[in-house]
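Q: Next up is a structure, given as structure tokens.
The values are calculated or read from the model by the stated rules, or taken from the named source; none is laboratory data. Since this is a predicted model, take the numbers as computed values, not measurements. We place every Cβ from the backbone using ideal geometry, glycine too, and count neighbours over all the protein chains shown.
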Amino acid sequence: MKKIFIGLAVLVLSSCYMKGDYTLGRRNMFNDFFYTYNIHYYDESSFANVDTEVETISDYKVGVARHVASGGIVLSSKTVNKEVLSNAYLRPTCKGAMVSNTVPVEFSDEKIYKAIGEVEIEDTMYRLLEPNRYGDIALVDFNGNIYPRVGRIYNNRLSLLDTRFLKEPADIKFVNETQNRTGNESIVSSIEVRYQGLEGYYMVFSYKTVGADGSDAIEEQKTYRFPMYDKTVSFEGITLDILEADDAGLDYKILEI
């Protein structure tokens, strides 16, 4: 009878080990899975353009003396529409961890965490953070609260460890972080002024603008000439203080734009 009992015990332990081999070899073997949940995985290809940002990029400073070689840019500025593509990324409000009598699940506030999908547990939707190096998955609801248990993906379902975890610090939460990805960019408008050197006794400036007409970009170029001894020149709403000009380059300040 004793031999039969020992044999049954070995068989039970063997079956438990095989069932939980994904996790039991790395964690306390008594922390077996008790529940599994269907995962709705996020589809990377379904991330859509959620907004258009207007951004102005300029290369000039008003009132600051600068030098530019002949043919160089005196000032430039462009306004662009940038498509912002969202992704499911979260960041903890502080450094912390979920701790228990097993390996803690740590979070860094210098890192962003990607959500790979979501599950419903007791009528609440939770986002699944990408597994850490041990395969542990933290769950975060849409208010940023962390679920007090850790999951693993097992047979393509979420399995929860029976062990309950405590948050340290207790007030740690996750906040949404939209991550910009490379998207389409279109120019709304731009200006570019170049110093083209001297022609005779005249300073020569080229002025180029680009404007949008629907989906088409309309480009216009003009040339302006001023006596080389002028101390102030103005064109197209731009005023320059000329400090020194010769065929090699230009020393100047932007007074107005």
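Q: Taking the range 124-141, which residues are surrounded by 16 or more Cβ atoms within 10 Å (Cβ to Cβ) and in a loop (DSSP other than H, G, I, E, B)?
A: Of the range 124-141, the ones surrounded by 16 or more Cβ atoms within 10 Å (Cβ to Cβ) are 126-129, 136-141.
Passing the criteria: ASP136, ALA138.
Q: Please pick out the residue among ASN176, ASN87, ASN81 that is polar (S, T, N, Q), modelled with pLDDT under 90, over 22 Å from TYR37 (Cβ atoms) and outside any strand (DSSP E or B).
A: ASN87
Q: Evaluate the range 22-35: report whether one residue or more is at pLDDT 60 or above, at negative phi and in the same structural domain as TYR126 (by TED's automatic domain parsing). Walk me through how you get there before you give the answer.
A: Taking the range 22-35 as the starting set, the residues that turn out to be at pLDDT 60 or above are 35.
Subsequent filtering for residues that are at negative phi retains 35.
Add one more test, that the residue is in the same structural domain as TYR126 (by TED's automatic domain parsing), and what stays is 35.
Yes.
Q: Which one is nearest to the chain's Cα centre (by Cα) among residues in the range 109-123 that are surrounded by 13 or more Cβ atoms within 10 Å (Cβ to Cβ) and farther than 15 Å from THR36 by Cα? Spell out how you get there, then give the answer.
A: Just the residues of the range 109-123 that are surrounded by 13 or more Cβ atoms within 10 Å (Cβ to Cβ), to begin with: 112-119, 121.
Next, from what is left, pick out any that are farther than 15 Å from THR36 by Cα: 112-116.
Details: ILE112: 9, TYR113: 11, LYS114: 11, ALA115: 14, ILE116: 16 Å.
If we take residues in the range 109-123 being surrounded by 13 or more Cβ atoms within 10 Å (Cβ to Cβ) and farther than 15 Å from THR36 by Cα, then ILE112 is nearest to the chain's Cα centre (by Cα).
Q: Follow-up question, since we're still on this one. Let me spell it out: the conditions are (1) surrounded by fewer than 16 Cβ atoms within 10 Å (Cβ to Cβ); (2) at pLDDT 85 or above; (3) in a strand (DSSP E or B); (4) within 21 Å of the chain's Cα centre (by Cα), and VAL54 meets all of them except one. Which number is the exception?
A: In the conditions (1) surrounded by fewer than 16 Cβ atoms within 10 Å (Cβ to Cβ); (2) at pLDDT 85 or above; (3) in a strand (DSSP E or B); (4) within 21 Å of the chain's Cα centre (by Cα), VAL54 misses (2) alone.
Q: For the range 234-249, name all the residues that are farther than 16 Å from GLU192 by Cα and assigned to a strand (DSSP E or B).
A: Within the range 234-249, the first condition is being farther than 16 Å from GLU192 by Cα, and the residues that meet it are 241-249.
Within the range 234-249, ASP241, ILE242, LEU243, GLU244, ALA245, GLY249 qualify.
Q: Also, quick follow-up: Taking the range 92-108, which residues are surrounded by 14 or more Cβ atoms within 10 Å (Cβ to Cβ), farther than 14 Å from VAL140 by Cβ and within 21 Å of the chain's Cα centre (by Cα)?
A: LYS95
Q: Show the residue pairs that are 6+ apart or on different chains and have beta-carbon atoms under 7 Å apart, the first residue being within the range 137-156 and of a type in the set (Ser, Thr, Tyr), the second being at pLDDT below 95 and not in a strand (DSSP E or B).
A: Pairs found: TYR154/TYR22.
Q: Could you please find all residues in the range 142-160 being closer than 17 Å to LYS95 by Cα and in a strand (DSSP E or B)?
A: Of everything in the range 142-160, just one residue is closer than 17 Å to LYS95 by Cα and in a strand (DSSP E or B), namely ILE146.
Q: Being among the charged types (D, E, K, R) and either in contact (Cβ under 8 Å) with a residue 40 or more places away in the chain or buried (at least 19 other Cβ atoms within 10 Å of the Cβ) (or both) is the filter here, so list the residues in the range 186-207 that pass it. Working first, answer last.
A: As a first pass, look at the range 186-207 and keep what is among the charged types (D, E, K, R): 192, 194, 199.
GLU192, ARG194, listed by residue number.
Q: Here's a check for you: in the range 146-157, which residue that is in contact with a Ser or Thr (Cβ under 9 Å, 6 or more places away or on another chain) and not aliphatic (A, V, I, L, M) is surrounded by the fewest Cβ atoms within 10 Å (Cβ to Cβ)? Full working, then the answer.
A: Pass one, the range 146-157, residues in contact with a Ser or Thr (Cβ under 9 Å, 6 or more places away or on another chain): 147, 149-155, 157.
Then keep just the ones that are not aliphatic (A, V, I, L, M); that gives 147, 149, 151-152, 154-155, 157.
Working: TYR147: 22, ARG149: 18, GLY151: 27, ARG152: 21, TYR154: 17, ASN155: 7, ARG157: 15.
This residue is ASN155.
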